[in-house]
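The values are calculated or read from the model by the stated rules, or taken from the named source; none is laboratory data. On a predicted model such as this, the values are computed, not experimentally measured, just so you know. Backbone-built Cβ (ideal geometry, glycine too); neighbour counts: all protein chains shown. All accessible areas refer to the heavy atoms of the entire protein, side chains included, with ligands and DNA or RNA removed. Shrake-Rupley method; radii C 1.70, N 1.55, O 1.52, S 1.80 Å.
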Amino acid sequence: MLHTVSQSITPEVFCAMRDKAGFKPYPAEDAAVALRNSLYTVEIRDGDKTVGIARVVGDNRLAFFIKDVVVDPGYQKRGIGQMLMEALFAYIRLHACESAYIGLMATPGTEEFYEKFGFIRRPTATLGHGMVLFLHHDA
């Protein structure tokens, strides 16, 4: 039976889920710091097995970023992404001020999923391109 568990993602689960989805790997010690500094984390479990994870980072009032939305490939198309997003938005609604910024960077092919929640693609006439930089300390 699928159920939601908040604030419990371990670095090992975080790294394993990202690996299953083909996301960039991070060392467990870095994942531990990231999870500790997250505003909110959520897992979807099937019994004791984690089948989906997501987290929110930000300032807890004006800006929120949805990160690491991952569903086990063997469990996709079962509503787990919907469950994750509902949990994230429940948290955000409790803490966000009116007109708070909620951002995310969609992986290719997932844009339509996020549009169901009201996200818009950029650029628009009033919003520029979303941008990202991956820091390399030796550069």
When every residue in the stretch 61-74 that is touching a residue at least 24 places away in the same chain (Cβ under 8 Å) and farther than 26 Å from Arg93 by Cβ is compared, the one least open to solvent (accessible area, probe 1.4 Å) is Asp72
Residue pairs qualifying under the 8 Å Cβ cut-off, at least six apart or on distinct chains, with the first in the stretch 84-98 being aliphatic (A, V, I, L, M) and the second being open to solvent by 40 Å² or more (accessible area, probe 1.4 Å) and not in a loop (DSSP other than H, G, I, E, B), are Ala87/Thr4; Ala87/Ser6; Ile92/Ile102; Ala96/Ile102
Of the residues in the stretch 23-46 that are of a type in the set (D, E, K, R) and in a strand (DSSP E or B), the one that is least open to solvent (accessible area, probe 1.4 Å) is Glu43
Only one of Lys49, Lys20 is in contact (Cβ under 8 Å) with a residue 40 or more places away in the chain, of a type in the set (Lys, Arg) and open to solvent by 20 Å² or more (accessible area, probe 1.4 Å), namely Lys20
(message) Would you confirm, using the coordinates I've provided, whether Ala106 is farther than 26 Å from Gly22 by Cβ and surrounded by 12 or more Cβ atoms within 10 Å (Cβ to Cβ)?
(response) no
Listed by first then second residue, the pairs whose first member lies in the stretch 104-129 and is among the acidic types (Asp, Glu), whose partner is in a loop (DSSP other than H, G, I, E, B) and open to solvent by 100 Å² or more (accessible area, probe 1.4 Å), with beta carbons under 9 Å and at least 6 positions apart or on separate chains, are Glu111/Arg121; Glu115/Arg121
Does Arg55 meet the test of being outside any helix (DSSP H, G or I), touching a residue at least 24 places away in the same chain (Cβ under 8 Å) and either touching a His at 6+ places or on another chain (Cβ under 8 Å) or over 22 Å from Tyr114 (Cβ atoms) (or both)? no
Do we find that Ile92 is within 20 Å of Gly130 (Cβ to Cβ) and open to solvent by less than 30 Å² (accessible area, probe 1.4 Å) in this structure? yes
